[in-house]
Amino acid sequence: MDYDFNKWMSDYRVISAVGENAEGGIDRLAYTDYDFAARTELLNRAYGMRLQCFLDAAENLWFSKPGTDPDLPPLLIGSHLDTVPNGGRYDGVLGVMAGFQVLRYLAENKVAHRRTVELVAFSCEESSRFNLSTIGSKLACGMTDPEKLKKYKDASGSSPVDFLSRLKYAPESLEDRRKHLSEILGYIELHIEQGPVLETGGIDVGIVESIAAPIRLRVDFTGRSDHSGACPMDLRSDALVGAALTIAEVERLGRSEASSRSVATVGTINVPHQAMNVVPGACTIHVDIRGIDRSSMERIYAGLRDFLQKLRVERGLKIEETLLSDEYPVPMDRHLGEIIERNCKNTGLSYRWMPSGAGHDAMNVAKLAPSAMIFIPCVGGISHNLKENVLEKDLRNSIQILYEVVMDICR
Ligand SMILES: [Zn+2]
């Protein structure tokens, strides 16, 4: 594959920087103007490439490079363009841009291929805005609907549905996508590893065996606000202390399941009307439990619920749990993984089979079609951070391995 890497890199720099803030981090949150601007940048570059482009009602952006045999089910590749707040330049966007280069190369060089190759940029993959991940692919796969999405809100109280205006006048495009995804040959998502395993081992490519699933919940603690000077210690009902004890317990539960490779995190805490001289009367936290062993995840969840029950009794707090996600680990398709393995061997790239600790759109598509993931090392394993970085050799490897796999399947 002989292409102009520098041209790709200059496109990459523009698109991956959309939403850059003063600190150098990327604020390209789902369904914001920046998110839509990144799609526009990508669409502009597709202009003249004779690709079919399509935006569905979930704001997923699809490209298609038709093969010579329309009877063969297409191969889909892709990832996402949105970022976490103050995020980096590689999570999601690398998979889209590597895939875009494959399509561009096929189109510009008139490479013959029988099977159609499609690219998708799924919308709202990150959970940071609405506390729900992979909304675009969930909608396209028929795993959620606008009614269910209404309970998920961002910090300003808006739900994803408020931004999906197309849902109102073209809802059938989602049913069309669900049907389409159940008919494709398979889906391959290239993504940075977001952890240190590949870099530490000096390995070029990770082939994902299974994607860890999250159990996520919001916990609302309600006690009573009091004057921090006038209210004696034995008469208090401090919601923040209840949350603090829970945070420590979540860490303890996660550590107790480390041998099963499960993890547990409290990533947010919110104290409304907080003030130094007020005993906090309310507090909300979000708990994220993940693993590739469902029974281990359930032990953490059960331990947490027991602990919250104990807090209710011992501290007289009102504690409400809202389950936000309850998912099962998703195995990737072995056959597609072996095709990736074969092409690593053929191109001299080192590889290892590994689990994905993070969730990805591939876990939803896997419900309808064989799915696989290719991991690329990122510097220091750092991700969801403005310091996210990928070495040039690994950027080149991304495009190369994706191209080889696509041609192996579609030629
Ligand atoms: Zn991602």
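Readers should treat all values here as calculations from the given coordinates under stated rules, not as data from a laboratory. None of these values were measured; they are calculated from a predicted model. Please note: Cβ atoms are built from the backbone with ideal geometry, for glycine as well, and neighbour counts cover all protein chains shown.
Could you put 53, 410, 124 in order, starting from the residue whose Cβ has the fewest other Cβ atoms within 10 Å?
In increasing order of surrounding Cβ atoms, one gets 53, 410, 124.
Under 24 Å from the Cα of residue 153, which lysines turn up, not counting those fewer than eight places away in the same chain?
138, 168, 318
Could you check the simple spin-label distance between residue 235 and residue 247, using points 7 Å along Cα→Cβ, in nm with one decimal?
Once both label points are built, they end up 2.9 nm from each other.
Would you mind counting up the charge near residue 381? Only other residues with Cβ under 12 Å from its Cβ, with Lys and Arg at +1 and Asp and Glu at -1.
Once all neighbours under 12 Å are counted, the net charge is -2.
Going by alpha carbons, how many degrees (0 to 90, nearest 10) lie between the helix axis of 5-16 and the longest principal axis of the chain?
With both axes taken from Cα atoms, the answer is about 30 degrees.
For the range 347-402 and the range 190-215, write down the distance between their C-alpha centroids in whole Å.
The two parts, judged by their Cα centres, are 6 Å apart.
Loop only per DSSP, at most 10 neighbouring Cβ atoms within 10 Å: give me the chymotrypsin sites (Phe, Trp or Tyr not before Pro) in the range 33-142, ordered by residue number.
Answer by residue number: 47.
Report the Rg/Rh value for the range 213-326, based on alpha-carbon coordinates and the Kirkwood definition of Rh.
So for the range 213-326, dividing Rg by the Kirkwood Rh gives 1.03.
For residue 186, list long-range residues whose amide hydrogen, built 1.01 Å from N in the peptide plane, is under 5 Å from its own amide hydrogen.
Amide H to amide H, under 5 Å and 5 or more residues apart or across chains, residue 186 pairs with 76.
Among the listed pairs 7/110; 65/148; 179/345, give every one whose C-alpha distance is greater than 23 Å. Walk me through the numbers before you get to the answer.
Values: 7/110 19 Å; 65/148 34 Å; 179/345 34 Å.
Over 23 Å Cα-Cα: 65/148; 179/345.
Test of understanding: express the Cα radius of gyration of the chain as a ratio to 2.2 N^0.38 Å, with N the residue count.
1.05
Just to confirm the number: angle between the C-alpha axis of helix 239-256 and the first principal axis of the chain, 0 to 90 degrees, nearest 10?
50 degrees
Tell me the mean residue ellipticity at 222 nm calculated for the chain from its helices only (DSSP H runs of n ≥ 4, each -39500 (n - 2.57), averaged over every residue, nearest 500).
Helices in the chain give a 222 nm mean residue ellipticity of -11000 deg cm²/dmol.
For the chain, find the longest principal axis of its Cα atoms and tell me its angle to the long axis of helix 334-347, 0 to 90°, nearest 10.
Long axis of 334-347 versus the principal axis of the chain: about 60 degrees.
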